[in-house]
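The values are calculated or read from the model by the stated rules, or taken from the named source; none is laboratory data. Every value quoted in this text rests on a predicted model; they were computed, and no experiment measured them. Please note: Cβ atoms are built from the backbone with ideal geometry, for glycine as well, and neighbour counts cover all protein chains shown. Side chains included, ligands, DNA and RNA excluded: accessible areas come from the protein's heavy atoms. Shrake-Rupley method; radii C 1.70, N 1.55, O 1.52, S 1.80 Å.
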Amino acid sequence: MSAFEEFDQERQAIDSLLLQGYTVTGIFEDLDGAKVQFIRREPAGEPVELLLLTADARKHVTTLIFGGSKPAAPIETHT
């Protein structure tokens, strides 16, 4: 399997959980990869944990977290 295919599978798993109403509650990094914990508030469910092995999938999760929690910076135009 190519590196892109591995990343794409992990990205799809992340996006699927988010579309089902799960939110990221924790990220734990170690030498095996990143363990990302998700939980769904409504309806309440058991926590789900994904092990992300690719750096691109870990970047994808952090981009989603920080992209959703910070307002977009205004674009400055010089005329």
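Miscellaneous remarks
- For region 1-10, a residue qualifies if it is open to solvent by 70 Å² or more (accessible area, probe 1.4 Å) and assigned to a helix (DSSP H, G or I), and the qualifying residues are 3, 4, 5, 6, 9.
- Within region 57-79, the set of residues being open to solvent by 80 Å² or more (accessible area, probe 1.4 Å), modelled with pLDDT of 80 or more and charged (D, E, K, R) comprises 59 only.
- Residue count for region 7-28, restricted to those that are touching a residue at least 12 places away in the same chain (Cβ under 8 Å) and out of contact with any helix residue (DSSP H, G or I) (no Cβ under 8 Å at 6 or more places or on another chain): 7
- Selection within region 41-56 - crowded, with 16+ Cβ neighbours inside 10 Å and without any contact (Cβ under 8 Å) to a residue 24 or more places away in the chain: none
- Among the residues making up region 13-39, those that are open to solvent by 60 Å² or more (accessible area, probe 1.4 Å) and either outside any strand (DSSP E or B) or aromatic (Phe, Trp, Tyr) (or both) are 18, 19, 20, 28, 31, 32.
- Reported count of residues in region 40-60, each being in contact with a Lys or Arg (Cβ under 9 Å, 6 or more places away or on another chain) and assigned to a helix (DSSP H, G or I), is 3.
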